[in-house]
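Beneath this line is the structure, given in structure tokens, with notes to follow.
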């Protein structure tokens, strides 16, 4: 079996984003999607701290501490981009103006419930940021994550055991083993790693899967 | 700078602008540390980065409670230590609800129903309502005694323009506090700010202070 690499996953997500889309890329793995967007197409990246038309990282020495992304890393503004305050930025999410957001996750359930902000461990310091706003706000929510934990447990579950970020909000899941759509009938497999059968994938996932 | 924060009392609720260090009014925070007010409730997106600014205020032991969305970061060691030893209270709120609660206070709204957080730990115990088939959670406004914010330029009437993404919480915090104090790089004459591009009208700003050495 040949797992999808992180770049494979990011390239696949990038291909699925249509021209003209307003998109928010979450911290971590989703940030990699930006590296694979076709520069000849207009795609508008939103950053929760008040940027539309966010561009790539600046050249060394060109960093501006007032132009950062949600992960507080230096970024740039594309020609035509804009700045706005936090009230407007989250109205873009909550008001359903963003077409797509791409988030990381600890767990996703077959109903599309998302858990990605808190492990629930007693000594953990909780931090939520904009995760809950994105989960319920964007028209389509895509999750990018490893299919299994380091211990080999499936991160796709019948019901989330970690604290929820949002209920029934995930539309599509991209993992290192498959691409799946969340539907009222269950998870439909749209793509699968080379050399892996649907039966083998289902066994690793631990929930029923539907051939796409 | 010192006179701008001189009347801040013990137990005050203070909004502090900024997203991480972008837009953080560091000179005002340093003046507040010097001034000595304690038992404060702080409203900010984060809970301090590194050892300066908000982190220094926390380290000085002046903060009883913080209302924020994202305290835990790679460089939030000051907050982490206080939280783990039970020396600071945390009210965690989703970032969009935080922004809208601040905006609601400034706009005279008594509360609002938000879909964010429904069915999660952060909505536990809160009133919910089903509106047109969608679930919402009742959220309350956050009022403050003071807002300390950073802007690029101000004029004598308190009109403000900001710099790039350092704007973040500034405009809504300015509206939500009884007394808003703006730290700016430059104070300009009336008429120098184009009325079409003023972001925060002076009605929301009580005091303007030019920070030393920041005029570019």
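Applying a threshold of 8 Å to beta carbon distances and a minimum spacing of six or more residues, or different chains, the list of pairs starting in the stretch B:51-67 at a residue that is within 12 Å of residue B:34 (Cα to Cα) and ending at one that is part of a strand (DSSP E or B) reads B:57/B:40; B:57/B:42; B:57/B:63; B:62/B:40. Listed by position, the helices (runs of 4 or more DSSP H) contained in the stretch B:11-121 that have at least 2 residues being under 26 Å from residue A:91 (Cβ atoms) and either in contact with a helix residue (DSSP H, G or I) (Cβ under 9 Å, 6 or more places away or on another chain) or within 14 Å of another protein chain (Cβ to nearest Cβ) (or both) are B:95-107. Residue B:36 - would you say it is surrounded by fewer than 16 Cβ atoms within 10 Å (Cβ to Cβ) and either out of contact with any strand residue (DSSP E or B) (no Cβ under 7 Å at 6 or more places or on another chain) or over 27 Å from residue B:171 (Cβ atoms) (or both)? The answer is yes for residue B:36.
Conditions tested, residue by residue: (1) within 18 Å of the chain's Cα centre (by Cα); (2) surrounded by fewer than 23 Cβ atoms within 10 Å (Cβ to Cβ); (3) in a loop (DSSP other than H, G, I, E, B).
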{"position": "A:66", "(1), (2), (3)": "no, yes, yes"}
{"position": "A:70", "(1), (2), (3)": "yes, no, yes"}
{"position": "A:78", "(1), (2), (3)": "no, yes, no"}
{"position": "A:82", "(1), (2), (3)": "no, yes, no"}
{"position": "A:91", "(1), (2), (3)": "no, yes, no"}
{"position": "A:97", "(1), (2), (3)": "yes, yes, yes"}
{"position": "A:105", "(1), (2), (3)": "yes, no, yes"}
{"position": "A:111", "(1), (2), (3)": "yes, yes, yes"}
{"position": "A:122", "(1), (2), (3)": "no, yes, yes"}
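Checking the stated criteria, residue A:141 turns out to be within 14 Å of chain B (Cβ to nearest Cβ), free of Cβ contacts under 8 Å to residues at least 60 places away in the same chain, in contact with a strand residue (DSSP E or B) (Cβ under 9 Å, 6 or more places away or on another chain) and assigned to a strand (DSSP E or B).
Quick one: how many residues across the stretch A:35-49 are in contact with a helix residue (DSSP H, G or I) (Cβ under 7 Å, 6 or more places away or on another chain) and within 14 Å of another protein chain (Cβ to nearest Cβ)?
Within the stretch A:35-49, the subset in contact with a helix residue (DSSP H, G or I) (Cβ under 7 Å, 6 or more places away or on another chain) is A:35-37, A:45-46, A:48-49.
From the residues that got through so far, the ones that are within 14 Å of another protein chain (Cβ to nearest Cβ) too are A:45-46, A:48-49.
Count: 4.
Is it true that residue A:52 is within 30 Å of residue B:176 (Cα to Cα), touching a strand residue (DSSP E or B) at 6+ places or on another chain (Cβ under 7 Å) and either in a loop (DSSP other than H, G, I, E, B) or within 12 Å of chain B (Cβ to nearest Cβ) (or both)?
Details: within 30 Å of residue B:176 (Cα to Cα): yes; touching a strand residue (DSSP E or B) at 6+ places or on another chain (Cβ under 7 Å): yes; either in a loop (DSSP other than H, G, I, E, B) or within 12 Å of chain B (Cβ to nearest Cβ) (or both): yes.
The answer is yes for residue A:52.
Yes or no, residue by residue, for (1) surrounded by fewer than 16 Cβ atoms within 10 Å (Cβ to Cβ); (2) under 11 Å from residue B:157 (Cβ atoms); (3) modelled with pLDDT of 95 or more:
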residue: B:179; (1), (2), (3): no, no, yes
residue: B:182; (1), (2), (3): no, no, yes
residue: B:185; (1), (2), (3): no, no, yes
residue: B:192; (1), (2), (3): yes, no, yes
residue: B:196; (1), (2), (3): yes, no, yes
residue: B:203; (1), (2), (3): yes, yes, yes
residue: B:208; (1), (2), (3): no, yes, yes
residue: B:211; (1), (2), (3): no, no, no
residue: B:215; (1), (2), (3): yes, no, no
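Report yes if residue A:191 is away from chain B (no Cβ under 14 Å), surrounded by 12 or more Cβ atoms within 10 Å (Cβ to Cβ) and part of a loop (DSSP other than H, G, I, E, B), otherwise no. Judged against the criteria, residue A:191 is not a match.
The values are calculated or read from the model by the stated rules, or taken from the named source; none is laboratory data. The structure presented is a predicted model; accordingly, all values stated were derived computationally and were not measured. No Cβ is skipped: glycine too gets one built from the backbone with ideal geometry, and neighbour counts run over all protein chains shown.
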